[in-house]
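Each reported figure results from applying straightforward, stated rules to the coordinates on display, with no laboratory input. Since we're looking at a predicted model, the values are computed, not measured. So basically every Cβ, Gly included, is an ideal-geometry build from the backbone, and we count neighbours across all protein chains shown.
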Amino acid sequence: MKPPHDAAIENLELLETLRDFSPVVIGTPPLGIAIDNSDIDIACSEKVTGRFSAFARQAFHGFESLSIRSMICQNSPSTLVSFQACGWDFELFCQTGNTERQWGVRHFRIEQRLLALRPDLRSSVVTLKEQGLKTEPAFATLLRLSGDPYEALLALEKETDQALETLLSERLPEQR
């Protein structure tokens, strides 16, 4: 049996190891909507492109299934580091610029707010995830957001909690 996500992160001292890259733990485990195949996601940032890849290669070389890939995401050079440890799959995503401005972190923050306003939303999201939907499409489906689910969720981030409560009450039946 794998440990809780926060215990795995602590056991591996990941936040301390990644401290120079402004790590933010995101994804389904801290939201309480993890399913069996959920991984642990940590967003990071670097000032100089390529520095994170070199760091990760050295810091995580002993981890099972280590993979380091460079790509372009949202028109920004990005690095995805994945490995397995403590019974979990880990994904570390790094871009230049402020970690808090990355799409993954921004999605996470709006999903946190939505779940805080409507905790009963959790079970519906989990059900859709178990049916194969990714997290953002699951939220977008439940909230009947049109267009690209990733962009549609981002459009909600500047809304007040009152506006989000109105949206939730209009689009979701009350849980009984």
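Values for this structure:
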read-out	value
Inverse of mean 1/r across different Cα pairs in the chain, Kirkwood, Å	17.2
Sites matching GluC sites (Glu not before Pro) across segment 1-99 that sit in DSSP coil, with at most 13 neighbouring C-beta atoms within 10 Å	E13
P(r) histogram, all alpha-carbon pairs of segment 1-54 included - 5 Å bins from 0, percent	4, 18, 26, 22, 15, 10, 5, 0
Full-extension gain in nm, D6 to E100, via 0.36 nm per residue minus C-alpha separation	31.9 nm
Part-to-part distance (alpha-carbon centres) for segment 132-176 and segment 81-103, which is given in Å	24
Segment 1-117, relative contact order in percent, only Cα pairs under 8 angstrom and at least six apart counted	27
Crossing angle, helix 161-171 versus the chain [Cα axis fit, 0-90 degrees, rounded to tens]	60
GNM result for the chain, Cα springs below 10 Å: residue of K129, K158, K47 fluctuating most strongly	K158
Rounded to the nearest 20 debye, dipole of segment 82-137 from Cβ charges on Lys, Arg, Asp, Glu	240
For I40, residues with placed amide H under 5 Å, excluding near neighbours	D89, F90, E91
Lys, Arg +1 and Asp, Glu -1 on Cβ, resulting dipole of segment 26-176 about Cα centre, debye, nearest 20	300
Per-pair calculated FRET efficiency, R0 = 45 Å: D120 and A54 via Cβ, rounded to 0.05	0.50
Three principal axis lengths of segment 3-106 [C-alpha, angstrom, descending]	34, 30, 22
Under-5 Å amide H pairs with T96, H placed in peptide plane, nonlocal only	E46
In Hz, Karplus ³J(HN,Hα) per residue of segment 137-143 (6.51, -1.76, 1.60; θ = phi - 60°; x = Gly, Pro)	x, 5, 4, 4, 5, 5, 8
The chain - mean residue ellipticity at 222 nm from DSSP helices (-39,500 (n - 2.57) per run, n ≥ 4, rounded to 500)	-11500 deg cm²/dmol
Among beta bridges that DSSP assigns inside the chain, antiparallel share in %, nearest 5	75
Where labels lie 7 Å past Cα in the beta-carbon direction, separation of R109 and L172 in nm	2.0
Among L66, I9, G97 the positive-end extreme of the charge dipole of the chain (Cβ point charges)	G97
Dimensions (Å) - segment 89-176, Cα atoms, principal axes, largest first	43, 30, 24
Global form of segment 128-176, assessed from the alpha-carbon gyration tensor, a/c cut-off 1.5	oblate
